[in-house]
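Novice: Following this message is one structure expressed as structure tokens.
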Amino acid sequence: MPRDIIKIGKQGVRIGDRVVTVKKKGIVYLLIDLSDSMNMFVGTKEELSLLKGTRHVSKDGFTGMRVDSSEQTIRLKTKLDVALAGMKGFVDRALATKMVGIILFGSSAVLHHSASCDHAALSQAIASVEQHPLRGGGTNLSDALQILTKMEGTETAVVVTDGKPDNQARALEMGKVLKEKGTDILVIGTEDADWLFLARLRSRPDLSVRTSDERLAEAITDASRLLN
């Protein structure tokens, strides 16, 4: 009878008298834009018109706004609210074959969560983005990409942005370093993002998704299909 002993050998993982091949999961990082423009409200023209000429940006920089009309109360979401929903969907799908990590960038950049298979920990990390101190400010994508250049084994960097990086030349330089290391760069941008720049940053034309603000969540979730 097979022994209930697990051994790791040259041929793979041995369980009793059987050898099981274990495939190592690939590593994917989400690079999420937290710049000022991600605080803009998203909604129909009718919903946004209820703001009565005020700036379409979250008052406190962290949450959506509830707008009362004669018939209903509407909670207007920010672009970041929509992006967070897409991140949750992406993680749900990608964890089947990948480890997922998160890098955030605003005026600076930070490793928010190292690549992990822990769904609960990733969900908690995504939930905490809304209150992250980096929210607002500039679009320092180059520092976000540089963080990845110092890490080994990343298959794909998924860049989510709605704007223009503070330093395009340096961002492209960091992107080139990543691609030379074997990391694919997949870009997801809204219609108002700088697509001339994103076309140069992506690894291939098929690794890009152009979307509206309203469909950003769907675009991020569906981008998991583009992973190797």
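The values are calculated or read from the model by the stated rules, or taken from the named source; none is laboratory data. Just so it is clear, the model here is predicted, and its values are computed rather than measured. Cβ: placed from backbone, ideal geometry, glycine included. Neighbour counts: every protein chain shown. To get the accessible areas, we keep the full protein, side chains included, count just its heavy atoms, and leave off ligands, DNA and RNA. Shrake-Rupley method; radii C 1.70, N 1.55, O 1.52, S 1.80 Å.
Novice: Among the residues of the range 81-105, what is the count of those that are assigned to a strand (DSSP E or B) and open to solvent by less than 20 Å² (accessible area, probe 1.4 Å)? Show your work before the answer.
Specialist: Of all residues in the range 81-105, those assigned to a strand (DSSP E or B) come to 98-105.
Next cut, open to solvent by less than 20 Å² (accessible area, probe 1.4 Å) only: 98, 100-105.
Number of matching residues: 7.
Novice: Right, something else. Among the residues of the range 170-191, which ones are surrounded by fewer than 20 Cβ atoms within 10 Å (Cβ to Cβ) and out of contact with any Ser or Thr (no Cβ under 8 Å at 6 or more places or on another chain)?
Specialist: Residues satisfying the conditions are Leu172, Lys176, Glu180, Gly182.
Novice: Further question on the same structure: Which residue, of Asn167, Asn140, is open to solvent by 60 Å² or more (accessible area, probe 1.4 Å), under 23 Å from Ser37 (Cα atoms) and without any contact (Cβ under 8 Å) to a residue 40 or more places away in the chain?
Specialist: On the way: Asn140 fails: open to solvent by 60 Å² or more (accessible area, probe 1.4 Å).
Selected residue: Asn167, the only one of Asn167, Asn140 that is open to solvent by 60 Å² or more (accessible area, probe 1.4 Å), under 23 Å from Ser37 (Cα atoms) and without any contact (Cβ under 8 Å) to a residue 40 or more places away in the chain.
Residues checked against (1) in contact with a helix residue (DSSP H, G or I) (Cβ under 7 Å, 6 or more places away or on another chain); (2) over 23 Å from Asn39 (Cβ atoms):
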{"site": "Lys79", "(1), (2)": "yes, no"}
{"site": "Ala85", "(1), (2)": "yes, no"}
{"site": "Leu95", "(1), (2)": "yes, yes"}
{"site": "Gly101", "(1), (2)": "no, yes"}
{"site": "Ala121", "(1), (2)": "no, yes"}
{"site": "Gln131", "(1), (2)": "no, no"}
{"site": "Leu148", "(1), (2)": "yes, yes"}
{"site": "Val158", "(1), (2)": "yes, no"}
{"site": "Gly163", "(1), (2)": "yes, no"}
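Novice: Check His132 against each of (1) touching a strand residue (DSSP E or B) at 6+ places or on another chain (Cβ under 8 Å); (2) closer than 21 Å to Glu152 by Cα; (3) open to solvent by 20 Å² or more (accessible area, probe 1.4 Å) and name the one condition it does not meet.
Specialist: (2) is the only condition that His132 fails.
Novice: Inspect the range 59-78 for any residue being part of a loop (DSSP other than H, G, I, E, B), modelled with pLDDT of 95 or more and either touching a Leu at 6+ places or on another chain (Cβ under 9 Å) or closer than 21 Å to Glu155 by Cβ (or both) and give the result as yes or no.
Specialist: Within the range 59-78, not a single residue is part of a loop (DSSP other than H, G, I, E, B), modelled with pLDDT of 95 or more and either touching a Leu at 6+ places or on another chain (Cβ under 9 Å) or closer than 21 Å to Glu155 by Cβ (or both).
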